[in-house]
Ligand code: UD1
C-alpha cells in the first residue's frame, strides 16, 4: 500500500495538462464489443479503472494493446464469451457497461452484479428494466445478471431517475436493436454525448444526445472506428479546486471548457480570478481568502456530484458559511469526518453539510474512502499547516492520472511513499 505525504501551505504555480476523461473512455471501450475489427482509441488516461476495463474486454474477445495514451483494440469475430466475472466487476462498478453491448451483439450476457460502494447502494435496476422492455430475459442469480435475447427490439423507455451509465448502456444496446428506441429522462452528461459521437462513427443512428430525450434507430451491423476521447472535466475541476484552496496561479491546459460551465460558475462566485484563455485553457489566480458559497449537486448541466468533495475542501477555509447539498448519492460525505480531523468546522444535516469557514487547517493523518473523497483530502493537505498523510491512495489511482506528479510539477510538496 502507498500513502501520499503532503507538506501544506505552498501555493501552486505553473501549468497542468488535463488527461482524457475516465468516464467517457469506459463506455467507449465497452462499445468495441459491438463490432468486429480494429480500433485506435486515443487520449486514454493511465488509470486502474481503464486497466480493469481492458481486462474485461480481454475476457470477451477483444484483444487490447496499449502504448501511452493510445489503445489499439481488435474485436475478433465469432467469439462467444459473454461473462464479466466477479473478480473484475467487484473492483469497478462501471463494468456493468459491458452488459448492453454483450447482449446486443452476442444475444447473451452474464455480468456480475456490482455491489454497493462507499458512496451508496447504487442499484442497476434501471439498466435491467430498460433491457427487459427491449425483450431481454434477465435472471439475477448467484450474484450474476444473466441476460439473453434473440435480437433486442426498440422500445420507449422512461428512466425513473437520471442515470449516466444506464443511459450509456441502453444507448449501446439500442444501436444494434431492431427498430427505434426512445430514451426519456436520459442523462445529458458530456460523456454520454462523447459516447454517442463514437457510436455514430461506428455507423449508429442516434439523435438528441445531450438533451433529455435520445432517439436511436437500430441498425443491422456496426463497424469498428477510431476515436479521440474528450478531456476530463472532473480532473480539470479538481485542479482548479486545488489552486483555489492552496492559492497561487495555475494554467490548466487541454481542459474541456465547453463542459465545465457549472464548475467554473461556482468557483467564480467565490471571488477568485478565473480567465478562459481559449476553449481548452483556463487561467486561475487565487490570492485572497475566498467567499463561502452554497452548492447543490444535480445531474448535468448542474453542479456535478463528482466535484462535491473537492469543492468542500476549498470551502472549509473560506469566509462565512457555506452549505453543500448532495442530491445524487446517499452517502457521499465520507470526507467530512476526515476534514474535521484537520480542523474543519462542518455539521452534517441530512443531505447537507453546513461549513463554517476556519482561518487555518492543521495537518493530520487521514484516510481516503473513495475516489473523489481522496482528491478532497489531498487538496485539504495542500491547504493545511504541517505534513498531512493521506492513506489508501489506491482510490485516487482509479481516477487520476499521475495526480501527485502533476501537482508536484506545479509546485506542491507531495510525495508517494510505501507504507
Ligand atoms: C456515473 C459516473 C460517476 C458519477 C455518477 C453521477 C461513470 C463511470 N460514473 O456513475 O462518476 O458520480 O454517474 O454523475 O460514468 N440509480 C438507481 N438505479 C439505477 C441506476 C442509478 O437507483 O439503475 C441511482 C444511483 O444509485 C444514484 C443515481 O441513480 O443515486 C445516479 O446514478 P448513475 O448516474 O447511474 O451513476 P453511475 O452511472 O453509476
Next item on the list: For the range 284-324 and the range 123-194, write down the distance between their C-alpha centroids in whole Å.
Entry: 34
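Using just the Cα positions, wrap the range 220-378 in a convex hull and report its mean projected area in square nanometres, one decimal place. Can you show the working numbers first?
Values: hull surface 45.0 nm².
Convex hull of Cα atoms, orientation-averaged projection: 11.3 nm².
Name the shape class, rounded, prolate or oblate, that the alpha-carbon gyration tensor gives for the range 271-363, where a ≥ b ≥ c are the square roots of its eigenvalues, rounded holds for a/c under 1.5, and otherwise prolate holds if a/b is larger than b/c and oblate otherwise. Don't skip to the answer; put the middle values down first.
Working: a/c = 2.09, a/b = 1.20, b/c = 1.75.
Here the range 271-363 falls in the oblate category.
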Margin query: Applying a 10 Å radius around every beta-carbon, put 333-340, 373-380 in order of their mean neighbour count, most first.
Written below: 373-380, 333-340
Check: Can you give the Rg to Rh ratio of the range 24-86, both from alpha-carbon atoms, with Rh computed by the Kirkwood formula?
Finding: 0.93
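Could you tell me what % of all Cα pairs in the chain have separations over 28 Å?
Numbers: 41307 of 87571 pairs.
Looking at the chain, the distances longer than 28 Å represent 47 percent of pairs.
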Margin query: Rounded, prolate or oblate for the range 35-192? Axes are the square roots of the Cα gyration tensor eigenvalues, ordered a ≥ b ≥ c, and the cut-off for rounded is a/c under 1.5.
Written below: rounded
Notebook entry, point to check: What whole number of Å gives the distance from the Cα centroid of the range 202-280 to the Cα centroid of the range 1-15?
Noted result: 25
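I need the fraction of alpha carbon pairs in the range 247-291 separated by more than 14 Å, rounded to a whole percent. Intermediate results must be reported in sequence, preceding the final value.
Working: 452 of 990 pairs.
Taking all Cα-Cα pairs of the range 247-291, the fraction more than 14 Å apart is 46 percent.
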Note to self: What would the Debye equation give as log₁₀ I(q)/I(0) for the range 108-229 at q = 0.10, 0.12, 0.21, 0.23 Å⁻¹, counting only Cα atoms as equal point scatterers?
What the structure shows: -0.30, -0.43, -1.24, -1.38
Checklist line | Tilt relative to the chain, helix 371-383 - C-alpha long axis, 0 to 90 degrees, to 10 | finding: 20
Item checked: Relative packing of 262-273, 168-179, 347-358, 91-102, which averages over residues the other C-beta atoms within 10 Å, highest first -> 168-179, 91-102, 262-273, 347-358
Notebook entry, point to check: How high is the relative contact order of the range 61-161, given as a whole-number percent (alpha carbon pairs under 8 Å, six or more residues apart)?
Noted result: 21
Margin query: Is the C-alpha gyration tensor of the range 80-169 telling us rounded, prolate or oblate? Criteria: a/c under 1.5 is rounded; beyond that, a/b larger than b/c is prolate, otherwise oblate.
Written below: oblate
Check: Full extension from residue 273 to residue 178: what is 0.36 nm times the residue separation minus their Cα-Cα distance, to one decimal in nm?
Finding: 29.0 nm
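So if the hydrodynamic radius of the range 180-219 is defined as the Kirkwood radius over C-alpha pairs, what does Stokes-Einstein give as its diffusion coefficient at 20 °C and 1.002 mPa s, in µm² per second?
Details: Rh = 9.9 Å.
For these conditions, the coefficient is 216 µm²/s.
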Notebook entry, point to check: R0 = 60 Å: FRET efficiency of residue 223 with residue 289, Cβ-based, nearest 0.05?
Noted result: 0.60
Note to self: If I take the Cα coordinates of the range 297-419 and project them onto the principal axes, what are the three extents in Å, biggest first?
What the structure shows: 37, 31, 25
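So what is the relative contact order for the range 356-419, in percent, with contacts set as C-alpha pairs under 8 Å and at least six apart? Show your work: numbers first, answer last.
Details: 67 pairs, mean separation 20.0, N = 64.
For the range 356-419, the relative contact order is 31 percent.
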Note to self: In 10 Å bins starting at zero, report the fraction of Cα pairs in the range 323-365 per bin as a rounded %.
What the structure shows: 29, 52, 19, 0
Notebook entry, point to check: Volume per residue, Å³, of the convex hull around the alpha-carbon atoms of the range 141-201?
Noted result: 109
Next item on the list: Provide the convex hull volume over Cα atoms per residue for the range 229-309, in Å³.
Entry: 83
Next item on the list: Would you compute, from DSSP H runs of 4+ residues alone, the mean residue ellipticity of the chain at 222 nm, taking -39500 (n - 2.57) per run and dividing by the full residue count, rounded to the nearest 500?
Entry: -9000 deg cm²/dmol
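How much of the calculated P(r) for the range 356-419 lies past 14 Å, in percent of all Cα pairs? Can you show the working numbers first?
Details: 1144 of 2016 pairs.
For the range 356-419, the share of Cα pairs beyond 14 Å comes to 57 percent.
Relative contact order for the chain using alpha-carbon pairs under 8 Å, separation at least 6, rounded to a whole percent? If you can, show how the numbers build up before the last one.
On the way: 1055 pairs, mean separation 90.0, N = 419.
21 percent.
Nearest 5 percent is fine: what portion of the DSSP beta bridges confined to the chain is antiparallel? All intermediate terms of the calculation are to be shown ahead of the outcome.
Working: 60 of 82 bridges.
So the antiparallel bridges in the chain amount to around 75 percent.
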Check: By average Cβ neighbour count within 10 Å, what is the ranking of 230-242, 155-167, 180-192 from highest down?
Finding: 230-242, 180-192, 155-167
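No lab work stands behind these numbers, since they all come straight from the coordinates. Since the structure is predicted, the reported quantities are computational estimates derived from the model, not experimental observations. Every residue, glycine among them, receives a Cβ derived from its backbone with ideal geometry; neighbour counts consider all protein chains shown.
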